[in-house]
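Notes to accompany the following structure.
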Amino acid sequence: MAPAPFTQWPALEELADRDIMVPLNEGEIALQWRLRMLQSATSSIDLQTFIWKDDKVGTALVTEALAAADRGVQVRIILDDSFLAHADAMLHALSEHPNIRHRIYNPMAVRYGGAAMRELENLSDFERINHRMHNKLLLVDGRVAIVGGRNQADEYFGLKDHHNFRDMEVLLQGPFLAELSSVFDLYWNDPWTIPIEDLAEGDADLDLAAERRVLAEHTLRVASPEPATEDQWRELFAGGFEGKLRLIVDAPPERGPDQDQPVQLAESLLSRIDRAEADLLLVSAYFIPTEPLTDALRRATERGLRVRVLTNSLGSNNHVTAHAAYAHHRPELLRAGVEVYELRADASDRARYIFSAAEDSALGLHAKFALFDDCCLFVGSSNLDPRSLRINTEVGALVDSPDLNRQMREFFALDLLPQNAWRVQLAKDGSVFWEGEEGTVLEAPPASFFMRAESWFFGLLPIESQM
């Protein structure tokens, strides 16, 4: 879809020839500008996501998207099918609007029942449905976009009562948006991205009018910000960072999700790691290094690079199975000279990423990020694990911007402090221990005996390739 004319975005006209990025480091700010983007839409909203929950954030985003459609904005939404049990009727109802269309990536054929029933009924098609779309992308009017790791749900913005995520995205404008629009269209038009109308029937008791009534009851669950003025858009990007961006994206399947391996993004990342000259910081919620990634990190330390990894501790990880697979790799990484840090669930500075009403909740890491030397960075949807690097599709950008690199180093320096992360160390006998604000800990902190036992059990299973 063509970008909106600058008469609708006059604040950006003088910036049109420059790619300018604004980091969305805190959940509250990220949600505010996401809603403002939808409020500012005049012609098109393109949203591609892995998870969109029916919670505070989810209903606020649906409400704004529906309001935009009522203004005449064309709304196109691509959803992965992993978490859409019971959602078909709602998607049908919203798609009754002439300006809203939903398409589902690599859908399950049998669609009735809850999540467990759907998984069982589609088990004979496991090889196909095991391949998921993990991309996250939001474009408005072809003028502003968000790229990064956040799904559309409370915990990614700091609104969950018990557990929230430290995440990262960038909001950007400039010529690079043409490439992002092409990526969206690539997936929108892929044969494995199916209109909801072709997958399931609607519910006679839930039409668009009924869905409007449901949304009206929830509009106050998240207070929408005041729409951004022309001056606020201008001020936002005046404080941003210029840079050169290179798109890295996995191609959607042609023959089938179980036949075309999405490795394009992984290969680009490995190539960029091999070109780093002095310093490398990798941030990944689920860090389970494949053999090629382990070899690349070993080559980096052998070249004299300082290599640091920030990932989840057992206590902060929302997937114990992923932690169990990662734990096998810690000794090898430490022997190779990689510095390993694990985020604390009780991080002292976690309130920075969480709304005040939930500031006592546990913190987990969900960011997917990398810093190369003092010039460059990666931001996108990809974890550093077999599922992101070999199985699921992902999207991101390699950015050359020394100023943004410097800002990101300041952000993540806070996460690496002893009060916020455990430093994993290797003992002489080959065992690992953790150093934190309290001193040395010999067992995986801060986790219960049950969690450690669960991690140990899953570590015995041959499931790492699926993590």
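Considering the stretch 175-227, and only residues there that are hydroxyl-bearing (S, T, Y) and in contact (Cβ under 8 Å) with a residue 60 or more places away in the chain, the residue that is nearest to M108 (Cα to Cα) turns out to be T193.
Of all the strands (runs of 3 or more DSSP E) wholly in the stretch 150-241, which have at least 1 residues that are aliphatic (A, V, I, L, M)? Don't jump to the end; show me each part of the working.
Values: elements: 163-166, 169-173, 193-195.
Once the strands (runs of 3 or more DSSP E) in the stretch 150-241 are filtered for at least 1 residues that are aliphatic (A, V, I, L, M), what remains is 169-173, 193-195.
Of all the residues that make up the stretch 111-138, how many are in a loop (DSSP other than H, G, I, E, B) and either in contact with a helix residue (DSSP H, G or I) (Cβ under 6 Å, 6 or more places away or on another chain) or crowded, with 17+ Cβ neighbours inside 10 Å (or both)? Write out each step before concluding.
Residues of the stretch 111-138 that are in a loop (DSSP other than H, G, I, E, B), as a first pass: 111-114, 122, 130-132, 134-136.
Imposing the further condition that a residue be either in contact with a helix residue (DSSP H, G or I) (Cβ under 6 Å, 6 or more places away or on another chain) or crowded, with 17+ Cβ neighbours inside 10 Å (or both) reduces the set to 111, 122, 131-132, 134-136.
Selection size over the stretch 111-138: 7.
Do you know which residues across the stretch 255-266 are closer than 15 Å to V183 by Cα and either touching a residue at least 40 places away in the same chain (Cβ under 8 Å) or not assigned by TED's automatic domain parsing to the domain that holds T393 (or both)? Working first, answer last.
Start the filter on the stretch 255-266 by keeping residues that are closer than 15 Å to V183 by Cα, which leaves 262, 264-265.
Listed by number, the residues that qualify are P262, L265.
Report yes if some residue within the stretch 57-67 is buried (at least 19 other Cβ atoms within 10 Å of the Cβ), in the same structural domain as G174 (by TED's automatic domain parsing) and assigned to a loop (DSSP other than H, G, I, E, B); otherwise report no. No: zero hits. Scanning the stretch 233-253 for residues that are surrounded by fewer than 19 Cβ atoms within 10 Å (Cβ to Cβ), of a type outside the set (A, V, I, L, M) and touching a residue at least 60 places away in the same chain (Cβ under 8 Å) yields R234, G239, E242, K244, R246. Among the conditions (1) closer than 24 Å to S431 by Cα; (2) in contact with a Phe, Trp or Tyr (Cβ under 9 Å, 6 or more places away or on another chain); (3) assigned to a loop (DSSP other than H, G, I, E, B), the only one that N318 does not satisfy is (1). Return a yes/no flag: does the stretch 199-217 have any residue that is in the same structural domain as V73 (by TED's automatic domain parsing), of a type in the set (A, V, I, L, M) and touching a Pro at 6+ places or on another chain (Cβ under 8 Å). Yes, the stretch 199-217 contains at least one residue that is in the same structural domain as V73 (by TED's automatic domain parsing), of a type in the set (A, V, I, L, M) and touching a Pro at 6+ places or on another chain (Cβ under 8 Å).
May I ask you to verify whether E267 is in a loop (DSSP other than H, G, I, E, B), modelled with pLDDT of 95 or more and of a type outside the set (S, T, N, Q)? Even if it seems obvious, please write down each step before you answer.
Numbers: in a loop (DSSP other than H, G, I, E, B): no; modelled with pLDDT of 95 or more: yes; of a type outside the set (S, T, N, Q): yes.
Considered against the rule, which asks whether it is in a loop (DSSP other than H, G, I, E, B), modelled with pLDDT of 95 or more and of a type outside the set (S, T, N, Q), E267 comes out as no.
Among the residues making up the stretch 74-89, those that are among the aliphatic types (A, V, I, L, M) and buried (at least 21 other Cβ atoms within 10 Å of the Cβ) are V75, I77, I78, L79, L84.
Consider the stretch 315-349 and keep the residues that are of a type in the set (K, R) and surrounded by fewer than 24 Cβ atoms within 10 Å (Cβ to Cβ). The one that is nearest to the chain's Cα centre (by Cα) is R330. Confirm whether A325 is under 27 Å from K428 (Cβ atoms), in a helix (DSSP H, G or I) and without any contact (Cβ under 8 Å) to a residue 60 or more places away in the chain. Against the criterion (under 27 Å from K428 (Cβ atoms), in a helix (DSSP H, G or I) and without any contact (Cβ under 8 Å) to a residue 60 or more places away in the chain), A325 does not qualify.
Looking at L414, L389, L404, can you tell me which residue is part of a helix (DSSP H, G or I), surrounded by fewer than 20 Cβ atoms within 10 Å (Cβ to Cβ) and modelled with pLDDT of 95 or more? Before you say what the answer is, go through the steps one by one.
Details: L389 fails: surrounded by fewer than 20 Cβ atoms within 10 Å (Cβ to Cβ); L404 fails: surrounded by fewer than 20 Cβ atoms within 10 Å (Cβ to Cβ).
None of the others qualify; the one that does is L414.
For L245, the criteria (1) part of a strand (DSSP E or B); (2) out of contact with any Phe, Trp or Tyr (no Cβ under 6 Å at 6 or more places or on another chain) hold in every case but one, which is (2). Within the span defined as the stretch 96-108, one or more residues are on the phi < 0 side of the Ramachandran plot, under 19 Å from the mean Cα position of the chain (by Cα) and either crowded, with 19+ Cβ neighbours inside 10 Å or touching a residue at least 40 places away in the same chain (Cβ under 8 Å) (or both). Only one residue in L365, L371 is surrounded by 15 or more Cβ atoms within 10 Å (Cβ to Cβ), closer than 25 Å to F176 by Cα, in the same structural domain as T290 (by TED's automatic domain parsing) and in contact (Cβ under 8 Å) with a residue 12 or more places away in the chain. Which one? Among L365, L371, only L371 is surrounded by 15 or more Cβ atoms within 10 Å (Cβ to Cβ), closer than 25 Å to F176 by Cα, in the same structural domain as T290 (by TED's automatic domain parsing) and in contact (Cβ under 8 Å) with a residue 12 or more places away in the chain. In the stretch 77-86 there is no residue matching the filter, namely being of a type in the set (D, E, K, R), in contact with a helix residue (DSSP H, G or I) (Cβ under 6 Å, 6 or more places away or on another chain) and part of a loop (DSSP other than H, G, I, E, B). For the stretch 342-361, taking the residues that are in contact with a helix residue (DSSP H, G or I) (Cβ under 8 Å, 6 or more places away or on another chain) and outside any loop (DSSP other than H, G, I, E, B), the one that is nearest to L293 (Cα to Cα) is identified as L343.
The values are calculated or read from the model by the stated rules, or taken from the named source; none is laboratory data. Please read these numbers as outputs of a predicted model, since none were measured by experiment. With ideal geometry, Cβ positions are generated from the backbone for all residues, glycine too; neighbour counts draw on all protein chains shown.
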